[in-house]
Structure formats: C-alpha cells, structure tokens
Protein chains: 2
Amino acid sequence: MKGVHLFVVGVYLLFSCRAEEGLNFPTYDGKDRVVSLTEKNFKQISKKYDLLCLYYHEPVSSDKVAQKQFQMKEIVLELVAQVLEHKDIGFMMVDAKKEAKLAKKLGFDEEGSLYILKGDRTIEFDGEFAADVLVEFILDLIEDPVEVINNKLEVQAFERIEDQIKLIGFFKSEDSEYYKAFEEAAEHFQPYIKFFATFDKSVAKKLSLKMNEVDFYEPFMDEPIPIPDKPHTEEELVEFVKEHQRPTLRRLRPEDMFETWEDDLNGIHIVAFAERSDPDGYEFLEILKQVARDNTDNPDLSIVWIDPDDFPLLVAYWEKTFKIDLFKPQIGVVNVTDADSVWMEISDDDDLPTAEELEDWIEDVLSGKINTEDDDNDDDDDDDDNDDNDDNSDEDNDSDDDDDDDDDE
Amino acid sequence: MKGVHLFVVGVYLLFSCRAEEGLNFPTYDGKDRVVSLTEKNFKQISKKYDLLCLYYHEPVSSDKVAQKQFQMKEIVLELVAQVLEHKDIGFMMVDAKKEAKLAKKLGFDEEGSLYILKGDRTIEFDGEFAADVLVEFILDLIEDPVEVINNKLEVQAFERIEDQIKLIGFFKSEDSEYYKAFEEAAEHFQPYIKFFATFDKSVAKKLSLKMNEVDFYEPFMDEPIPIPDKPHTEEELVEFVKEHQRPTLRRLRPEDMFETWEDDLNGIHIVAFAERSDPDGYEFLEILKQVARDNTDNPDLSIVWIDPDDFPLLVAYWEKTFKIDLFKPQIGVVNVTDADSVWMEISDDDDLPTAEELEDWIEDVLSGKINTEDDDNDDDDDDDDNDDNDDNSDEDNDSDDDDDDDDDE
C-alpha cells in the first residue's frame, strides 16, 4: 500500500545483526505487496492466486488515532505478505464504502474482519491480529484438510490432542466416496477443527472404528461420539459438527479468540485461568476436566479455559481488569458487556477446590445466585490495597459460601 | 524515551474496537517509561525497583536503518514497560559509549543484549526480541525460583515436562538448610531451567527420592541422574547443572534461541524440524527421542529440535534458506557461519527413517562423511524449480546412502 512505507519503513527491521546465520527474523522491506481491491483488479488477481486474503475495513477517517490503527494493520499484513511471498497468496484491502457492491457480492459483513477466499469457500479470521498468528493460520489453511493416520505412533499423536475438537473416520481408501465427503466436510472447518482419517485396519481397530464410521471427539472427553447413521454425506457431517461445536470446556486460542468470546451464554462467560505448564495450573485443569466430563450433557455450560502462557501481553490487563492474581489458578464469571466479574475464593493454591466444590459453585453461577452484579462489594475481608473505585456499598450477598447444599451428591 | 513517541505514537494502538470487553490487547500509550541510564540515576532507580531491565546498546549512529532498528527496540521495550507497569520493574537504556564505566562495573559485555538485574544476579536475555516473549520471560523471573510439588496430580504435571531440563529435590521442610541451598542454586538458572522440590513423603516415594536427594532430568530421558554425594551445597548444584547443561536433544525456545544457536558443536548444528501437533511430526520426534536415549553418553551429539509452530515467522525463511519443505519432518546439518546445509533424504512422510537409519546418518555427520561443503551440488535428481544460483558442479559425493554398514547393531 502506497504511503505505508513512508511512515514506517523499517519498523519491522528486526534485530538480526549476528555473526551466526540461520535464525534471521524477517524484516519488513518496505515493498508494497498488499493492493487495494477494485472491481477491476479483483478478477485478475483471483485468477492469479489460489488463496486470497482480504482485509475488509471501514473507510479511513481523518481521525489521527484511527489512521494509525489502520496503518498498523497494513504493516502487519505487509509483513505477512512478505513472509509468505513464495506461497502464492494474494493480499488485498477492501474499502467498505468504495467497494460496497463487491463486498456485498463476496458476503463480507463485518468491517475490520479478515476474510480468506479459498476456492469457493470464505473463511473469516477472528483472532489476534498479529503477524505470527496470521502466518500460522494461513499455513494451516494451505495444508491438506485431512490428516491421515498410518500407524500406532500416529495414533498416539492423535490421542494426545485433547484440548480441541477432532474427528476421525475409517475409510476403504482415498478413492472412497465417503472419504471424499469427509474431506469436503473438513474444508468447511479448516483450520479451526481438525479432521483425521485412516485407511489402515489395525489403526481402526485400535480406535474402535468400523468401516465408514466417523467419531466426533469433544475436547477433554475420554469417549468419542460416533456420528449416527453411517455412511455420511458432506452435509450430514457439517450439520453434526455445527450442532456440537460448543464444548463444555474449551481453550481460548489466539486464532479464534474473539469468535469464542462473542459466543457467550446469556452475556456471561465462566472463565478459568490455569497455566498448564505449572503444577498448580495442571492440577486445576484436571479438576476442571472432571467437572466438564460430569456435566457434558448440560447445554448451558461452556467454560472458557485460558492458559496465560498463550497470551503474555494480556496477563497484566486481566489482572487489573478482573482484580485477580494470575500466578495462581482462578475461576470466575465475566460479564462480556462491561468485563465486570466475580471470582471464586481460592485461598491457597495448595488447597484447590475439589470437583464437587467447583460443581456447586458453577451451579450457583448458572442459577444466578452468583452473578457479577451482586458482587461489586467484596464479600471477603481481604485487606488488598487495590485502588478500586467501584467499591460502593451495595448489599453484601455473600453468595459464594452459603446455601450450597442443594447438590450434595 | 524522548522522541520515540514522536515517531510512532500509536503504532501499538492495537485493534480493540469491539462491542465486547475482556480481551483488550494493550496499546502503546506513547508515555515514556524507559529511561536512559546515567551514573547518577542508576543508584536512585536501582533502589526503587526489585528488578531492572537494561538494554545495553551501541551508540545510536547516524545511519537511518540503524536508527530505525534502535527505535523499534525502544518501542518493544516501552510496550513491555507499559504492560508490566504495576509489577514494579525499572526499564533503562544503557549507551555503551556514554556509560562505558558503569557498564563495565555491571559486567555488561555484549552490545545489543538485554540484561536483567535481580538482587545481586545478572541475567542475560538472549531470545526473540518481541514483546510477548519478553513479558513472559520477565513474569517467569518474578515467580518463586522453586515450584513445590504437593500431591499426585502435581507429580503428573512434573512428569509431563519432558522437553526441558528439570531438577527435583526432596527436603525435610522449607527451613532445611539443604532446601535453602537448592533454592539459591535455582536462582542461578531461573527462568531457563526449572527447579522443583517436595516436602511430602508420598510424593518422594513416587519419584524414588531419598531425603536430601536431588535428581537431574535431561530432556526426553526416562530416567533421572541423581546428583552424587548428597546433601549438596549451592555451589555443587550449580556446578553439576553447568556441566550437564547441553542435552543430547534440545528444543529451540524463543526465550533463549540465540544462546542455543551460538552453542554449536564445531561450527555445525544437527537440526531436526518436527511439528509435534502433527502426526508425522510427532512420530519423527518419537524416533529422535529414541536416538537421543541410545546416544545420551555421546558428548559430541546435541540435536536441536525445532517445532515450526513455535516460530511461524521463520518458517518461510527456513524453507528458502535450507531449501526444504517444512510441511513434513526434516533433519539436516547446518553450518552456523553461513547457514549452508545438507538434509537427509526423506522421500515420503509416510515412510520416515527408523531410529537405526537415523543413527547411521548421524554417525556419518559426526565423522564428517556427510557435511555441508560436499553437498553444494544436489545428489538426487529432483526437478525442483528453485532459482538456486550456487548450484555449481563440485564433485558429487553422494554421501547419504552408501557405506552405512559400519554400525549394524
């Protein structure tokens, strides 16, 4: 884009003045690779590339801050375009006002979104707008939509994936019409949901798969759900996945964090912070998994698990916004409209709540007994020195601790 | 730093114009938090903060590119300082020329390095100079140096950590003098090497630890090495870790990638690319682990494992520099002076080499039979369309395939 490099040529000239070679981070070279879309160049460009990335933006205003934000997005895209230069991907900016007609035709409706066109599919990227996240997202998109599992070690690899939705099917061969339907279905969800397949009898046996069976694995559940009425058409598979897309426990991922956050339940999220690489965090996550397994049939429950390690830049912001200490595990309710929140009292990370205690607390959240509005006044007498201004004196409901004996299984 | 915000106020004004709250990425607010060090302000500032981050840089030259690079580092530091504002950490720039005397006193010797002062320790950061990596590094530094393992679930968490060095000790209590020595030793390696301890008999039994025993775990090895001659002083522990710090198989990590890369063996690295979340990559890593276990006593062998997922921005650079396809596993030898490299031929990712084949290949590398100089002419007849200019006609040694029968165990 003209103008961008006048502003910050070399902002991405990153730090690689070393005597050794082999680890040179890319440096934005100031070359314009992202072009503005017009009805004229669109046809030409879409023929040229297999994959198109289109940033759909509101008209650039005269406001200085908005301009800077826009330029920053341009630079991120330019860097991504440069890094992926030899992968044959087209990058374009789409002005929502100037190109309203074309945007409508392409089905773009959310300004500020990045859309990726691959064949006749449109994929919306709704994650962290950072060069590394975007590059990984796009690389995942140009891989095969289905991973084939050939042997026991690869079954292990498949089984280790527990924190995201996955599907696996057993088919006769790559030429099977049912495998082809499965592959087509996979493309609807690539790269957000992983599809696996096997053509190997011993692999199928290990995973208890019958011919043409497709199993759906909810995150963190031990047992898969076989999709009923095999064999399946593409449409049946797509419909099933869409229906089961919101799990009981889901990990917040940089590549679709905003989409997950927008998928709230009645304006709130139950949010759990746990650092998996930390013993306390691991322990807390294991307890959460237990709770999720016990309550997998409850459609009103979807806990968002956040591993602070995935979002270093947000840790301090969350600590401040939610008034919590993220060096230890936390679980709370967050109102997504104003980020008001209330958190379970975990006095000591050596004494985490049991699965039962967590379930009682969650039940109180779902019934509304614990909610973000009642708790604007702290109900415990901790002497924290927060400079907390909204500490006004509502009635103290003390909703955390009392009256939790209606579920004493 | 004065001037920085004139240049790019708002460059880090990131993209958070959403209706929902709770995921707002920090935006550089243009406020100067990073100060220039002088002999005068150093005393004052070092009293004020528990932790000091000092970026030790060569004098800013009149060269435009160098200036931009310097400004970019300043902005990264400003953003880190802003994000960690309430954590009470001081950020400073140290001009190598102007403050030569003080720098010498502080023991700074590598221009372009970031040094962190914590108490009387100096920690050098030699990783990816990006805000998220730096923030995570600093947060890890202000945690306790030793993690305490209290129960079975936490033992599981401990056991799951396999891709980095870890130590664990069993002590009577927090007041034990041997625990205190262990804690002091941990501070020497924080946050690069993780130290764990337990005071719980059943945990100790599960890990086969005797009182005051400290076990050292090399990455990817099943069995730990008990550090001899317990109980240990701080110095004994530090010495032992330093001696065993280079493992047979090590993961390249953003937080110390340059340090790892500089720790080459005779100017080369054996580098393996494997994406752990991918079935083929997982399988290849398992084979590598087997090779590492079989050869853990060979001091000349240290394979650098790179998971491309950890470095999205480098994937395309590596593919271009090394002329390989990173959608599948790869292993090769890289000359760190010029990034010249030669890669094992893996024709199909469904047919990965066995541990034995890998060992034969590695033996050929260590003996010099396979090396980066002989292979400047491709020894297979692939018809790739690289615009490769250095395809000059040296003798073709074909060193990959012949003569590998001297190690037929």
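Where Lys and Arg each count +1 and Asp and Glu each count -1, what net charge lies around A:E243 among other residues with Cβ under 13 Å from its Cβ?
So the environment of A:E243 carries a net charge of -2.
Taking the Cβ-Cβ separation of A:E239 and B:Q245 as r and a Förster radius of 60 Å, what is the calculated FRET efficiency to the nearest 0.05?
Efficiency, rounded to the nearest 0.05: 0.65.
Report relative contact order for segment B:146-244 in percent, whole number only (criteria: Cα-Cα under 8 Å, sequence separation at least 6).
Taking the mean separation of contacting Cα pairs over the length of segment B:146-244, I get 36 percent.
Pull up the cross-link candidates among the lysines for B:K48, meaning alpha carbon to alpha carbon under 18 Å and not fewer than 8 places away within one chain.
B:K40, B:K87, B:K118
Reachable lysines from B:K166, Cα under 16 Å, same-chain residues fewer than 8 places away excluded?
B:K194, B:K242
For segment B:206-217, what does the Karplus curve 6.51 cos²θ - 1.76 cosθ + 1.60, with θ = phi - 60°, yield as ³J(HN,Hα) per residue in whole Hz, taken in order and with x for Gly and Pro?
Karplus-based 3J(HN,Hα) across segment B:206-217 equals 4, 9, 6, 9, 8, 3, 6, 7, 10, 9, 10, 10 Hz.
Percent antiparallel among DSSP beta bridges with both residues in the protein assembly as shown, to the nearest 5?
Counting DSSP beta bridges with both partners in the protein assembly as shown, the antiparallel share is about 55 percent.
May I ask what percent, to the nearest 5, of DSSP beta bridges between residues of segment B:35-142 are antiparallel?
Among the beta bridges of segment B:35-142, antiparallel pairing accounts for roughly 55 percent.
Below 10 angstrom from the Cβ of B:D263, what's the summed charge of the other residues (Lys, Arg +1; Asp, Glu -1)?
Charge balance near B:D263 sits at -2.
Taking 0.36 nm per residue of sequence separation and subtracting the Cα-Cα distance, how much length would be gained by fully extending the chain between A:E110 and A:K230, in nm to one decimal?
Between A:E110 and A:K230, full extension yields 39.5 nm more.
For an R0 of 22 angstrom, estimate the FRET efficiency from the Cβ-Cβ distance between B:E159 and B:M211 and round to the nearest 0.05.
Step by step, r from the Cβ atoms, then E = 0.55.
What is the local net charge at A:S173, summed over the other residues whose Cβ is closer than 13 Å to its Cβ (Lys, Arg +1; Asp, Glu -1)?
Residues close to A:S173 contribute a combined charge of -2.
Longest exposed-loop-site-free stretch of chain B, with trypsin sites (Lys or Arg not before Pro), DSSP loop and at most 12 other Cβ within 10 Å?
The longest such stretch corresponds to B:211-409.
For the protein assembly as shown, place one equal point scatterer on every Cα, skip the solvent, and apply the Debye formula. What is log10 of I(q)/I(0) at q = 0.05, 0.07, 0.09 Å⁻¹?
-0.29, -0.59, -1.03
Using the beta-carbon distance between A:D50 and A:D263 and R0 = 30 Å, what value does 1/(1 + (r/R0)^6) give for FRET efficiency, to the nearest 0.05?
Efficiency, from the Cβ-Cβ distance: 0.50.
Rounded, prolate or oblate: which fits chain A, taking a ≥ b ≥ c as square roots of the Cα gyration tensor eigenvalues, rounded meaning a/c under 1.5, else prolate when a/b beats b/c?
Taking the square roots of the gyration eigenvalues as a ≥ b ≥ c, chain A is oblate.
Given the -39500 (n - 2.57) contribution per DSSP H run of 4+ residues, what per-residue ellipticity at 222 nm results for chain B, rounded to the nearest 500 deg cm²/dmol?
-10000 deg cm²/dmol
Would you kindly work out, in nm and rounded to one decimal, the distances from the label point of B:E243 to those of the same position in each other copy, ordered shortest first, with label points 7 Å along Cα-to-Cβ?
From this label point to the equivalent ones elsewhere in the assembly: 6.5 nm.
Just to be sure I understand the model, the point goes 7 Å from the Cα along the line to the Cβ. What's the resulting B:E373 to A:A100 distance in nm?
Taking the simple label geometry, B:E373 and A:A100 are separated by 6.9 nm.
Over segment B:249-367, what is the relative contact order in percent, taking alpha-carbon pairs closer than 8 angstrom and at least six residues apart?
33
Quick note: the coordinates plus some simple rules give every number you see, no bench work behind them. Quick caveat, the model's predicted, so the values are computed rather than measured. Please note: Cβ atoms are built from the backbone with ideal geometry, for glycine as well, and neighbour counts cover all protein chains shown.
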